[in-house]
Amino acid sequence: MTVPIDHIDNWIFDLDNTLYPPSAKLFDLIDARMGAFIMRLLDVDAVEARRVQKQYFHDHGTTMAGLMRHHGVEPETFLVDVHDIALDRLSIDARLRSGLERLPGRRLIFTNADADYAARVLAARGIADLFDGICDIRVTRYTPKPDPAAYAAMIDHLGIDPAKSLFVEDMARNLTPAKALGMTTVWLDNGSESGHRDHRPGHVDFHVSDIADWLDNLPLPWGIS
């Protein structure tokens, strides 16, 4: 069955490991900074810090959410620290840019990161000027995907109609709330860590492995070429 997309006027994208490939290993740098942060905070070794980091990520949606809940961590301190990384692993992707340019309607970002970091990533990929809005972790009051409250905040902040919106994510579990709201969903199954976790095929309209390929091959009933 072909899923219709000619009604879509909001194209919403996750950021990390979605608008750049996991092979860039940018998250390795963020992971290292998270680990160091937890080691300092809890006075534990690297092994225990890694365990805590991943446990909170799986249980709470982000490591930060777990640290806030269990240790009272101030979110801005954490965000500034862990996103203080070089982005020289990223490069401009002309093919991705071309595919995004062809989309009718608004292009938007919905990320568990902060908008400052998101803007840096988009600039490094050469696509910052193509996006019309960002819903970040601050907008959601530090409530991460897949918490339904984050999606409610996103809808309000970006001013979208879920029924006319499409959401692209590398984390399958983050598509479930979007589908429940009536969004068209795209799982970018590209090898992200735990990307398959809680994958529910019935909540995925498009299952793709390469975002540029998918954009290149989208049917364009709007008469755009």
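Couplings 3J(HN,Hα) of the stretch 131-141, computed from phi: 9, 9, x, 10, 9, 10, 5, 6, 4, 7, 6 Hz, in residue order, whole Hz [Karplus 6.51 cos²θ - 1.76 cosθ + 1.60, θ = phi - 60°; x for Gly and Pro]. With the helix formula -39500 (n - 2.57) applied to DSSP H stretches of n ≥ 4, the chain reaches a computed 222 nm mean residue ellipticity of -11500 deg cm²/dmol. Only protein atoms count toward the accessible area here, which uses a 1.4 Å probe; on the stretch 92-222, the carbon and sulfur part of that area reaches 49 percent.
Annotated for the chain: lysine pairs at least 8 residues apart or interchain, Cα distance under 23 Å, count 6. Packing, taken as the mean count of other beta carbons within 10 Å per residue, orders the peptides 138-147, 78-87, 38-47 from highest to lowest as 138-147, 78-87, 38-47. The convex hull built on the alpha-carbon positions of the chain has an orientation-averaged projected area of 11.6 nm².
Taking the Cα centre of the chain as origin and assigning +1 to Lys and Arg Cβ atoms and -1 to Asp and Glu Cβ atoms, the resulting dipole is close to 200 debye.
The stretch 26-83: D in µm²/s via Stokes-Einstein (Kirkwood Rh, Cα pairs, 20 °C, 1.002 mPa s)?
Working: Rh = 11.0 Å.
Diffusion coefficient, whole number: 194 µm²/s.
Evaluating 6.51 cos²θ - 1.76 cosθ + 1.60 at θ = phi - 60° for every residue in the stretch 3-17, the Karplus couplings come out as 8, x, 10, 6, 8, 6, 10, 10, 10, 9, 10, 5, 9, 5, 6 Hz, glycine and proline recorded as x.
The values are calculated or read from the model by the stated rules, or taken from the named source; none is laboratory data. Owing to the predicted nature of the structure, the values given are computational and were not obtained by experimental measurement. Note that each Cβ is placed from the backbone with ideal geometry, even for glycine, and that neighbours are counted across all protein chains shown. Remember, those area values only see protein heavy atoms, side chains included, never the ligands or the DNA or RNA. Shrake-Rupley method; radii C 1.70, N 1.55, O 1.52, S 1.80 Å.
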